[in-house]
Each structure stands twice: as structure tokens, then as C-alpha cells.
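Have a look at the structure below, then the notes.
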């Protein structure tokens, strides 16, 4: 069998050099019960965010205790509602992937009536959001979570 996953995959899953285990408070627009909400710099849609579980390094959704699961999904719902209020999409996708960073996080991807893949997943080929636009979106989200 030819290995196709990165050589360091198992150590990544254990949290070695995990970027989400670092202090994310300066990057977060919202601190939830057990999570931090981050605006994606390589957004596949306007308002694409990630909600990162913060209690400890957890690679798999199935590793959460029942009370952690409840709190985490409540955080995801709170952030999803904020994204809906701020960006007014026609639909929202919730993606639990972890294929690059195996630390539990859910991507919240707003969908719009004019997006490139109606009724299909959006392609994951994003360019970085220009800094001025990123900062404006970040402020919109932060302000919406504090009001």
C-alpha cells in the first residue's frame, strides 16, 4: 500500500506543533464556552469562519465528552447565527474536516444566491482575503457578537 497522507500525520493528530493549540485570542472575533471563532484568511466564501475547540487538543469529534459536545455545538450555533446576521447568506454549510489541521474545528461557510456552485460544495481553492477587507469583516463579526 502506498502511503498518501503526510509522514507527520500521526504526530499532528497528537497535537505536535498544532497551530490551533497556540494562543488564538488575538485572532478570534468571538470566545465561546469552549471555542474560539476565527475568520478565515483563505476564505472560500464571504464570511467563511472556523470555530475551533479550545479546551485541549482533540483531533476527533468522537473524543468529546457529552458536556463538551453540547457546549461546542452551542458555540457553533452562536457563531452561525452571527454569520447569518452579518452576511445574510441564502444558506450556510457546516463542515467538519480536519484534513490539514487535525484539531477539532468546524468551518461555517455562507452560501449566496450568486455563488459559483449552487447546490454543490464550493471548491477549496481560495486566495487570501485582502487585508483591508479581512479587517472590515473581522470588525463586523466582532461587533455583532458583542452587541
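A few points about this structure:
- Cα-only Debye scattering, the chain: base-10 log of I(q)/I(0) at q = 0.09, 0.21 Å⁻¹: -0.29, -1.41
- Calculated [θ] (222 nm, deg cm²/dmol) that DSSP helices of n ≥ 4 give over the chain, each run adding -39,500 (n - 2.57): -10000 deg cm²/dmol
- By the compact-protein rule of thumb, 2.2 N^0.38 Å, the alpha-carbon radius of gyration of the stretch 1-61 corresponds to a ratio of 1.32.
- Distance from the stretch 6-40 to the stretch 54-90 (C-alpha centre basis), Å: 14 Å
- Estimated FRET transfer efficiency (residue 93, residue 1; beta-carbon r; R0 30 Å; 0.05): 0.40
- Rounded to 10°, Cα long-axis angle of helix 131-146 versus longest principal axis of the chain: 90 degrees
- Using the average count of surrounding beta-carbon atoms within 10 Å as a protection proxy, the listed peptides 1-10, 39-48, 119-128, 91-100 rank, highest first, as 39-48, 91-100, 119-128, 1-10.
- DSSP beta bridges in the stretch 8-147 [antiparallel fraction, %, rounded to 5]: 100 percent
- Computed extension length for residue 132-residue 24: 36.8 nm, one decimal, from 0.36 nm per residue of separation with the Cα-Cα distance subtracted.
- By average C-beta atoms within 10 angstrom, highest first, the peptides 132-141, 75-84: 75-84, 132-141
- In the chain, Cα pairs under 8 Å separated by at least six residues give a relative contact order of 27 percent.
- Crossing angle, helix 66-87 versus the chain [Cα axis fit, 0-90 degrees, rounded to tens]: 30 degrees
Throughout, read-outs are computed from the coordinates displayed, never taken from laboratory work. Predicted model, so just to flag it, every value in this text is computed and none were measured. So basically every Cβ, Gly included, is an ideal-geometry build from the backbone, and we count neighbours across all protein chains shown.
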